[in-house]
Each structure stands twice: as C-alpha cells, then as structure tokens.
1. Looking only at segment A:89-102, count every residue that is of a type outside the set (Ser, Thr, Tyr), assigned to a strand (DSSP E or B) and either away from chain B (no Cβ under 14 Å) or within 17 Å of A:Ser27 (Cα to Cα) (or both) and tell me the total.
2. Could you pull out the residue among B:Val19, B:Val57 that is buried (at least 17 other Cβ atoms within 10 Å of the Cβ), in contact with a helix residue (DSSP H, G or I) (Cβ under 7 Å, 6 or more places away or on another chain) and not charged (D, E, K, R)?
3. Tell me the residue from B:Lys101, B:Lys68, B:Lys96 that is more than 12 Å from chain A (Cβ to nearest Cβ), of a type in the set (Lys, Arg) and farther than 17 Å from B:His10 by Cβ, please.
4. Report yes if A:Asp86 is free of Cβ contacts under 8 Å to residues at least 60 places away in the same chain and among the acidic types (Asp, Glu), otherwise no.
5. Please find, among B:Asn24, B:Asn41, the residue that is closer than 20 Å to B:Phe67 by Cα and either under 15 Å from the mean Cα position of the chain (by Cα) or at the interface with another protein chain (Cβ under 10 Å from one of its Cβ atoms) (or both).
6. Please go through segment B:12-64 and pick out each residue that is in contact (Cβ under 8 Å) with a residue 40 or more places away in the chain and among the aliphatic types (A, V, I, L, M).
7. Can you tell me which residue among A:Val113, A:Val53 is in contact with a helix residue (DSSP H, G or I) (Cβ under 8 Å, 6 or more places away or on another chain) and either more than 10 Å from chain B (Cβ to nearest Cβ) or in contact (Cβ under 8 Å) with a residue 40 or more places away in the chain (or both)?
8. Between A:Ser58, A:Ser75, A:Ser27, which is more than 13 Å from the chain's Cα centre (by Cα) and in contact (Cβ under 8 Å) with a residue 24 or more places away in the chain?
Amino acid sequence: DAGVIQSPRHEVTEMGQEVTLRCKPISGHDYLFWYRQTMMRGLELLIYFNNNVPIDDSGMPEDRFSAKMPNASFSTLKIQPSEPRDSAVYFCASSLTSGGTEAFFGQGTRLTVV
Amino acid sequence: AQSVTQLGSHVSVSEGALVLLRCNYSSSVPPYLFWYVQYPNQGLQLLLKYTSAATLVKGINGFEAEFKKSETSFHLTKPSAHMSDAAEYFCAVSLKAAGNKLTFGGGTRVLVKP
C-alpha cells in the first residue's frame, strides 16, 4: 500500500479564498483523523471519522472549517473563508479499529494564507 | 480525558551518548502509549507502542521505552545517539473508550552534536 496520501503538499492562498485539502487513507482502515500542527499549539486533533461517520469534531476551530468523508477511500477538509491564522501543516492519518493500533500519517499539507 | 506532558522541548546530545526523552501521561484508565518521530518536512512515523503487554517496549532504530504505571511515565531511550536521530519526537496516548484518537505531547526536538 502507498500509505496515506494527501494533496496538495503545499498550498498558498489569499485570505478569504476557499481551500480544500484532500486525503486518501490506507485501504481497509476504518478510522480517519485530521490533525493540525503549528509552532504555537503543536499537534491538535480537528476531527475524526469511523466508518465514514464523523465521531468527534470538537477540535474544529470554527464554522469556517468543515470535513467530509463521502466514502471509505476519500476525505476532504475545507476552510472557507481562509484566514492567515489558518496557516499550518495539516495531517491526515488512518488506523484500524482494534484498540492500540497505531495511526499512519500522510506527509501533510503545508497551508500558507497570505 | 487524557493528556501527555513531554519534559524539555529541546534536547542536545553528543553522537554516541545516551538519548533520554521524558514523557508523562494522565489517564483515568489504562492507556495505550506511543512514540512517534518526525523528520523535517515529513509526516509522523511510529517508533514504538505500548498496549498492555510487556512494559519494556523495543522499537525501530534502536529505541526503547518503559511503561511505569506507578510513575505514569513512558520515557524513550536510545543507548547511543546517531546523527540520523536528529528529529522531533512526540509521545502520544489513546484510550480504547475514546476510539483510536491520539492525544500528543508538545514534542521534543533532538539535536545531535558530532
């Protein structure tokens, strides 16, 4: 398996624009996580899905953020409208159901909002 | 709720010296514990994990960690540092009752001096 695949790797956008980040989890994994990494706040869990259903979105910072998982092989994280403080590295990760199994991370998307 | 504290945001070691990274967790129930490594501009890669089996866990690249319930600790060690160990290291905890979501510590950046 190619691992968790995220696109794009880098995104530069202007404030106010819509940004969509994409993730393809490892085949067969039924958990999918979106994390954000910043210098100030470290790694934060934004939202996670189990079997394509959002389970916990309490980490989503504002209504400007939304995430979907239309099927087992694809998820998106959308920011609309984007703001400079959204600049960060966004990671997608996936894992199996069994407790204690590790999460496998993608390479991340580095988002810069100017 | 679970939490993780990593003591020391930066650690500097000489090549060949012992690497010791400290991690303490807080959890009301037995946790699963993980150490991840992040190289520059990369995603997170699993080093090792504790899932209630042996308390001394061996991982990749010569790293190991010991789970000490009485001290609520899961410190990471490597007997002899190599230049390639320069990276950021994250301790994380998950609970079976909370799905597989990981809660991360703040990270420790390791610098290896020749």
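1. 2
2. B:Val19
3. So the residue among B:Lys101, B:Lys68, B:Lys96 that is more than 12 Å from chain A (Cβ to nearest Cβ), of a type in the set (Lys, Arg) and farther than 17 Å from B:His10 by Cβ is B:Lys68.
4. Considered against the rule, which asks whether it is free of Cβ contacts under 8 Å to residues at least 60 places away in the same chain and among the acidic types (Asp, Glu), A:Asp86 comes out as no.
5. Selected residue: B:Asn24, the only one of B:Asn24, B:Asn41 that is closer than 20 Å to B:Phe67 by Cα and either under 15 Å from the mean Cα position of the chain (by Cα) or at the interface with another protein chain (Cβ under 10 Å from one of its Cβ atoms) (or both).
6. B:Val13, B:Ala17, B:Leu18, B:Val19, B:Leu20, B:Leu21, B:Val29, B:Leu33, B:Val37, B:Leu44, B:Leu47
7. A:Val113
8. Matching residue, one of A:Ser58, A:Ser75, A:Ser27: A:Ser27.
We did not get these values from a lab; they are worked out from the coordinates using the rules stated. What you see is a predicted model, and the numbers here were worked out from it, not measured in a lab. Cβ: placed from backbone, ideal geometry, glycine included. Neighbour counts: every protein chain shown.
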